[in-house]
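Undergrad: Sharing a structure, written as structure tokens. Questions coming.
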Amino acid sequence: MFRRTFWFTAGAAAGVWATQKVNRKIKALSPESLAAQAADKAVEAGHRLKDFALDVRAGMVQREAELGDALGLDAAPDNVRELPPQRYAVALDNPRTPYTNGTSYNRNEDH
């Protein structure tokens, strides 16, 4: 009697455990979960790329300073001016762009 009860309980526990394991795997492989994982990986890769770019830039500045010291160059002569800040044109405010007469152009409406 106790043997049957033991194996029934062990089987039920194994079934519950397997069901939970399968449900977790199904949730992990759902499209929403995969998209979230991909987004997290992309953000992480972006942070690593940014850190790499900052390290390269710091190395460049250090090497330029070393070369400037070795060649006896000043950081910047007095007659050199900095470039003005770059101005960006906003494409939506450009009057030359087509379809700015107030009507929308939707390619799907042609069919």
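Undergrad: Which percent of the accessible heavy-atom area of the stretch 1-68 goes to carbon and sulfur, probe 1.4 angstrom?
TA: 68 percent
Undergrad: Any idea how far apart K21 and A45 come out in nm if each label point goes 7 Å out from Cα toward Cβ?
TA: Taking the two extended label points, one gets 3.2 nm.
The values are calculated or read from the model by the stated rules, or taken from the named source; none is laboratory data. No experiment lies behind these values; they were computed from the predicted model shown. Cβ: placed from backbone, ideal geometry, glycine included. Neighbour counts: every protein chain shown. With ligands, DNA and RNA removed, areas are computed over all heavy atoms of the protein, side chains included. Shrake-Rupley method; radii C 1.70, N 1.55, O 1.52, S 1.80 Å.
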